[in-house]
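Take a look at the structure below.
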Amino acid sequence: MGKIKREDLLQLWVSVTDFGETWVEKIKELQERIDELKKAEDYEIIREDLEDLIDDLDDLNAEIEEAVSDAMDGSLSLEDLSELFKDYADRLLMLEQELIELELEPEEFGGEYKDEEEEEEGEY
């Protein structure tokens, strides 16, 4: 069996996950959204959660890169890598969901939606 190229593994990711982009592109997108959140005036409210999310994203990226490296040097089969990719994609979706919740959270504390403020206070 010949050497597996990184490009082939990027294609494998797209074919076995629900993402239309590679993990590299998706993680970069999430990191950019996190950077935008850091600029928000309500950042302090979500700082700890954001830092945890950044750590989780970095850990996931490192795991994916390690698996890709193992596959490229032949110590991990493509079948095993496909299964790992599915697990990694699920984790990436969960992290994206956490990010979406954090993106919405500052608004719950009286951001731009002053009209809804009274309704939201009743939810807690």
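Note on segment 1-97: percent of Cα-Cα distances in each 5 Å bin, starting at 0 and stopping at the bin with the largest distance, equals 2, 12, 23, 21, 15, 10, 7, 5, 2, 1, 0. Going by the alpha-carbon gyration tensor, a ≥ b ≥ c the square roots of its eigenvalues, is segment 36-88 rounded (a/c under 1.5) or, if a/c is not under 1.5, prolate (a/b greater than b/c) versus oblate? Because a/c hits 1.5 or more and a/b exceeds b/c, segment 36-88 counts as prolate.
A 1.4 Å probe run over the protein chains yields, for segment 1-98, 61 Å² of accessible area per residue, whole-number rounding. Taking Cβ atoms as reference points and 12 Å as the exclusive limit, the residues near LEU93 contribute a net charge of -2, counting Lys and Arg as +1 and Asp and Glu as -1.
The values are calculated or read from the model by the stated rules, or taken from the named source; none is laboratory data. Every value quoted in this text rests on a predicted model; they were computed, and no experiment measured them. Here the Cβ is made from the backbone with ideal geometry for all residues, glycine too, and neighbour counts use every protein chain on show. What goes into the accessible areas is simple: the full protein's heavy atoms, side chains included, and nothing from ligands, DNA or RNA. Shrake-Rupley method; radii C 1.70, N 1.55, O 1.52, S 1.80 Å.
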